[in-house]
Amino acid sequence: MYIYGKNVIAESLKNHQVIHKAYIYKKFQDKNMISELQKRNIPIKFVEKTELDKLAKGNHQGIILNVPDYEYASLEELLVKENPLLIILDHLEDPHNLGAIIRTCEAAGVDGMIIPKNRCVDVNSTVMRTSVGASEYVKIAQVTNLVETMKELKKQGFWIVGTDMDGTDYEEIDYRGKTAIVIGNEGHGMARLVKENCDYIASIPMNGKINSLNASVAAGIMIYEAISKRK
């Protein structure tokens, strides 16, 4: 996998992530970053900007690293704390949304995230860049079946809180116990079976003419409401 952008790469160096190779623009100005790569004996290839443009679709800022693919956590790793707060993403498709939610989870201290293996964006280079390196600090489990995973969480004592327009005011829900919050797909919301297996459906009141929020914005509101209630 290729990762790019100075902030993401700075976090990778800070965490001593395995790096296979670095591709750097010939006129790259950050000598400290180059020096750090050299200290770690990372192979460096100095190239023209056009070659970097072929490797990365986004703004690479003159440096790209070839690193191992993201390593997902197991579901069990998300349950080690006594009273976890988890986020479940029901088939999100936009890597920018996933990256933004990861960043919010890291900032808020969420204990882990769960995403499905199929029909969902995975943790790729765009997600890494959008999360600004936060994916290095958030445990993310990738599961085969969301509904079965939700049922397993219930056996472990979790309350599952889904999000939808037609539900209970999100401020009236108790998030103090083991809680997993479900954020639905950007266009279709939660799948029917996912919704049916939620214990509560939380709604964020909408007072404007637009009747829905961006998935990452909705996730941020829900996460900080839960964090506030759990203090």
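Find, to one decimal place in angstroms, the Kirkwood hydrodynamic radius of the chain, where the mean of 1/r is taken over every pair of different Cα atoms and then inverted. Kindly include the intermediate steps, with their values, before the conclusion.
On the way: mean 1/r = 0.0531 Å⁻¹.
So the Kirkwood estimate lands at 18.8 Å.
Any number yet on Rg/Rh for the stretch 1-135, C-alpha, Kirkwood? If you can, show how the numbers build up before the last one.
On the way: Rg = 16.2 Å, Rh = 16.0 Å.
For the stretch 1-135, the value is 1.01.
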Legend entry - GNM flexibility winner over the chain from LYS81, LYS154, LYS139 (Cα, springs under 10 Å): LYS81
Legend entry - Only Lys, Arg (+1) and Asp, Glu (-1) charged, at Cβ; the stretch 165-231 dipole about Cα centre in debye: 220 debye
Legend entry - Alpha-carbon centroid distance for the pair the stretch 111-151 / the stretch 28-84, whole angstrom: 18 Å
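Grab the beta carbon distance between ARG40 and ASP69, set R0 = 25 Å, and tell me the FRET efficiency rounded to 0.05. Show your work: numbers first, answer last.
Details: r = 20 Å, r/R0 = 0.79.
My answer for the efficiency is 0.80.
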Legend entry - Cα-based helix-to-principal-axis angle, 215-230 vs the chain, degrees rounded to 10: 60 degrees
Inset, instruction - State, to one decimal in nm, how far the label point of ASP122 lies from the label point of SER228, with both points 7 Å from Cα in the Cβ direction. - result: 3.7 nm
Inset, instruction - With everything on Cα atoms, drop me the angle between helix 146-155 and the longest principal axis of the chain, reported from 0 to 90° to the nearest 10. - result: 60 degrees
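Over the stretch 23-145, what is the relative contact order in percent, taking alpha-carbon pairs closer than 8 angstrom and at least six residues apart? Write down the numbers at each step before the final one.
Numbers: 171 pairs, mean separation 30.6, N = 123.
Worked out over the stretch 23-145, it gives 25 percent.
What range in the chain is the longest one free of GluC sites (Glu not before Pro) that are in a loop by DSSP and have at most 14 other Cβ atoms within 10 angstrom? Write out the running numbers ahead of the final one.
Numbers: sites that count: GLU48, GLU71, GLU82, GLU93.
Between the exposed loop sites, the longest stretch runs 94-231.
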Inset, instruction - For LEU55 and ARG176, calculate 0.36 nm times their separation in residues minus their Cα-Cα distance, and state this gained length in nm to one decimal. - result: 39.1 nm
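Keeping the other protein chains in place, figure out the carbon and sulfur percent of the accessible area of the chain, with a 1.4 Å probe. Write out the running numbers ahead of the final one.
Working: 5550 of 12030 Å².
Here carbon and sulfur together make up 46 percent of the probe-accessible area.
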Inset, instruction - Distance check, please: which entries in LYS6/LYS45; LYS151/LYS195; LYS45/LYS117; LYS6/LYS26; LYS81/LYS155 exceed 23 angstrom between their Cα atoms? - result: LYS45/LYS117
Inset, instruction - Might you tell me the accessible area per residue for the stretch 1-77, computed with a 1.4 Å probe and given in Å²? - result: 60 Å²
Legend entry - Whole-number D in µm² s⁻¹ for the stretch 1-54, Kirkwood Cα-pair radius fed into Stokes-Einstein, 4 °C, 1.567 mPa s: 112 µm²/s
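The values are calculated or read from the model by the stated rules, or taken from the named source; none is laboratory data. Remember, it's a predicted structure, so these values are computed and weren't measured experimentally. FYI the Cβ positions are ideal-geometry reconstructions off the backbone, even for glycines, and counts take in every protein chain you see. For accessibility, only protein heavy atoms count, side chains too; no ligands or nucleic acids. Shrake-Rupley method; radii C 1.70, N 1.55, O 1.52, S 1.80 Å.
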